[in-house]
Amino acid sequence: VYFIPDAYSFLYKSKINNFYNIYILYIKKIFEVIDFLTKNNIQTITIDLFNLEFLNLIGIDEIEGLFRNKKFWTFFKNFIYHQGISVNFVINESLFDLDTKQLLKNLEKKLLKRNASNVIVNFLIGYDVFEYIKKIFNQLTVDITQQGKNINDLGKDEIKKCFIEKLSPIDLVIGCQGTSVTDSLLLESSFAHLVFLNLPLGDITKEVID
């Protein structure tokens, strides 16, 4: 399942004045949705935590400062520990500094050792479909080279088959009010069932997900 929250609406239309408390409330609601999905036996969940448009609006410094804030980071980690899930952070590496990237990588590694769970949550941060295509293609080139082949010698259909094998198919896309699949296009969602709710993130309940 690929879930698209309305981050901008939730965070900037909130009546809470404290900067970090707004983000904590947002993350808390995201984890509620994750909990609702896992209780429906969904084992692979992708959350568009902060999309590229959102980051361009608020600035990268705000999100980097957020992850480095001890109060927020402790809250974020504890939620993940409590859920007992494994996570991947799919970030736009060109946007973030080395310290932020290392911070997220370290959490991924700790969770792999700590949480023996079949549930995997991918958090997208600044996801860029074009960067993702390049990343997959580069990895594909390496794999084919290791097989003693040259990617330039392969036919179009063979390259397409190898490329598709690198993707993890998404069956269902759920978008909150005011979002669309073009907000954060995922290649894996090409054949997914699309559901766009007439509800903001704050109004999503277990009954809605069920």
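The values are calculated or read from the model by the stated rules, or taken from the named source; none is laboratory data. Being a predicted model, the structure only gives us computed values, none of them experimental. Here Cβ is always computed from backbone atoms with ideal geometry, including for glycine, and neighbour counts include all displayed protein chains. Surface accessibility is based on the protein's heavy atoms, side chains included, excluding ligands, DNA and RNA. Shrake-Rupley method; radii C 1.70, N 1.55, O 1.52, S 1.80 Å.
Candidates Lys101, Lys28, Lys105, Lys110: the one that is more than 18 Å from the chain's Cα centre (by Cα) and of a type in the set (Lys, Arg) is Lys110. Could we say that Ile22 is assigned to a helix (DSSP H, G or I) and in contact with a Pro (Cβ under 7 Å, 6 or more places away or on another chain) here? Considered against the rule, which asks whether it is assigned to a helix (DSSP H, G or I) and in contact with a Pro (Cβ under 7 Å, 6 or more places away or on another chain), Ile22 comes out as no. Test Asn41 against the stated conditions and say whether it is open to solvent by 50 Å² or more (accessible area, probe 1.4 Å), on the phi > 0 side of the Ramachandran plot and either at pLDDT 80 or above or of a type in the set (Asp, Glu) (or both). Considered against the rule, which asks whether it is open to solvent by 50 Å² or more (accessible area, probe 1.4 Å), on the phi > 0 side of the Ramachandran plot and either at pLDDT 80 or above or of a type in the set (Asp, Glu) (or both), Asn41 comes out as yes. Contact annotation: residue pairs with Cβ atoms under 6 Å, 6 or more positions apart or on different chains, pairing a residue in the stretch 51-63 that is farther than 16 Å from Thr100 by Cα with a partner that is surrounded by 13 or more Cβ atoms within 10 Å (Cβ to Cβ), are Asn51/Asp183; Asn51/Ser184; Leu52/Gly126; Leu52/Asp128; Phe54/Ala7; Phe54/Tyr8. Asn115 meets each of the listed conditions (1) open to solvent by less than 30 Å² (accessible area, probe 1.4 Å); (2) at pLDDT 75 or above; (3) not aliphatic (A, V, I, L, M) apart from (2).
Apart from one condition, Lys110 fits all of (1) assigned to a loop (DSSP other than H, G, I, E, B); (2) free of Cβ contacts under 8 Å to residues at least 24 places away in the same chain; the exception is (1). Scanning the stretch 80-102 for residues that are assigned to a helix (DSSP H, G or I) and surrounded by 17 or more Cβ atoms within 10 Å (Cβ to Cβ) turns up Ile80, Gln83, Thr100. Selection of the stretch 48-63 for residues being closer than 18 Å to Asn21 by Cβ and either surrounded by fewer than 19 Cβ atoms within 10 Å (Cβ to Cβ) or not aliphatic (A, V, I, L, M) (or both) yields Phe50, Ile58, Glu62.
Condition check: modelled with pLDDT under 70, outside any helix (DSSP H, G or I), surrounded by 12 or more Cβ atoms within 10 Å (Cβ to Cβ) and of a type in the set (A, V, I, L, M). Does Leu167 satisfy that? Criteria met by Leu167.
Taking first residues from the stretch 136-160 that are open to solvent by less than 80 Å² (accessible area, probe 1.4 Å) and partners that are at pLDDT below 75 and assigned to a helix (DSSP H, G or I), the Cβ contacts under 6 Å between residues at least 6 apart in sequence or on separate chains come to Leu140/Cys162; Thr141/Ile151; Ile144/Ile151.
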